[in-house]
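Structure, as structure tokens:
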């Protein structure tokens, strides 16, 4: 090979290296635009807008929309406007999975939000498959976050919901308890935490599970008529139905319902007076931080703020908090969410240990009196 050919080859190699360096530098400055980049900070929300979780789904939707509106008014998340894709899961794990695949094929959002334990558990394998963060809201089961490193949960845990219920049972001195619990992952989780500790304390119980679509509880009430207290573990429609049916049956025992009964739509009905509940701090009148956001919600939607809407609203604010000044892609979102942080939220201070994917808050023993929540301790 003569010197001229060698020189030409050398020039080609040098030019190739320069081009490679230049392209790499340009990509660092102007990264390839993904669908999410074009649409801003794209979040896919697969919510229970129909079915047994319908009321929760619409509350979550309103909380998300309000938070996105506020954050976008402040410039978005690191300059990216928050965009929401909202789809109905039908309260069905199977339908939710189909919706997930459809959204993934068309949009490839930066993360997914779902609600209800059974739905979130069905989506966890898909989050792992597509390597995208899934956040379960109003998701009590601790099973979600052990599925894989892409699955997170922001809601009170089954254990933290059971704890104040057990405190109420102890305070009332209940020795014979009737328990009705929804036959799904949520109901099973809370029931198991309660029954183990209650039985170990020497109490006796009669327990029945019911299907999510159950409306008529009169047969169960008749079976449990002689118990000192009836505990319902279910969703808002179940709570409203059983409260009214218990009053109609003239049941004389105490009534305890899980934290869904702290919702304004439930405690506003006259029959709810005197019912015991575990309630989050968002309803505490002198918790001023929550009061500020309560006013914003009520001004926007002309209806009372509630802890379901607060859950989704608060999560979007957490995203802004942990991602501030950070690069945004599917991997960094997961890494930042599990990096550990302390967030002053509307449920109180949220402490998340590094590596944890459980964002939880506490409930406190409370009672409904004249439509208001009276905290029994705190």
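Structure notes:
- Here residue 94 and residue 128 are evaluated by their C-beta separation; at R0 = 22 Å the FRET efficiency comes out at 0.75.
- Across region 203-319, the convex hull enclosing all Cα atoms gives 144 Å³ per residue.
- Spatial offset of region 337-378 relative to region 69-123 amounts to 24 Å, using the alpha carbon center of each.
- Residue 218/residue 172 FRET efficiency (R0 30 Å; Cβ-Cβ; nearest 0.05): 0.80
- Taking the C-alpha atoms only, the angle from helix 117-130 to the longest principal axis of the chain is near 10 degrees.
- Note on residue 286 and residue 58: with the Förster distance fixed at 41 Å, the Cβ-Cβ geometry gives a FRET efficiency of about 0.90.
- Remark: relative contact order (the chain) = 16 percent; criterion is Cα-Cα distance under 8 angstrom and separation of 6 or more residues.
- With Cα atoms, 0 to 90° folded angle of helix 307-323 axis to the chain main axis: 30
- Three principal axis extents describe the C-alpha atoms of the chain; from largest down they are 105, 39, 34 Å.
- Cα-based shape type of region 266-377, given that a ≥ b ≥ c are square roots of the gyration tensor eigenvalues and the cut on a/c is 1.5: prolate
- Using C-alpha pairs below 8 Å separated by at least 6 residues, the relative contact order for region 159-279 is 27 percent.
- Across 175, 185, 250, mean-square fluctuation computed from a Gaussian network of the chain (C-alpha pairs under 10 Å connected) peaks at 250.
- Projecting label points 7 angstrom from Cα along Cα→Cβ for residue 225 and residue 356 puts them 4.7 nm apart.
- Subtracting the Cα-Cα distance of residue 206 and residue 192 from 0.36 nm times their residue separation leaves 3.7 nm of extension gain.
- With the convex hull drawn around the C-alpha atoms of region 153-270, the volume per residue stands at 103 Å³.
- Within the chain, antiparallel bridges make up roughly 25 percent of the DSSP beta bridges whose residues both belong there.
- Across all directions, the average flat footprint of the convex hull enclosing the Cα atoms of region 73-145 is 5.5 nm².
- Relative to the longest principal axis of the Cα atoms of the chain, the long axis of helix 288-301 makes an angle of roughly 80 degrees.
- Fully extended contour minus Cα-Cα distance, from residue 375 to residue 106, at 0.36 nm per residue: 92.1 nm
- GNM flexibility winner over the chain from 126, 134, 64 (Cα, springs under 10 Å): 126
Every number here is computed from the coordinates shown, using simple stated rules; none is lab data. All figures in this text were calculated on a predicted structure; none of them were measured in a lab. Note that we place each Cβ from the backbone using ideal geometry, even for glycine, and neighbour counts take in every protein chain shown.
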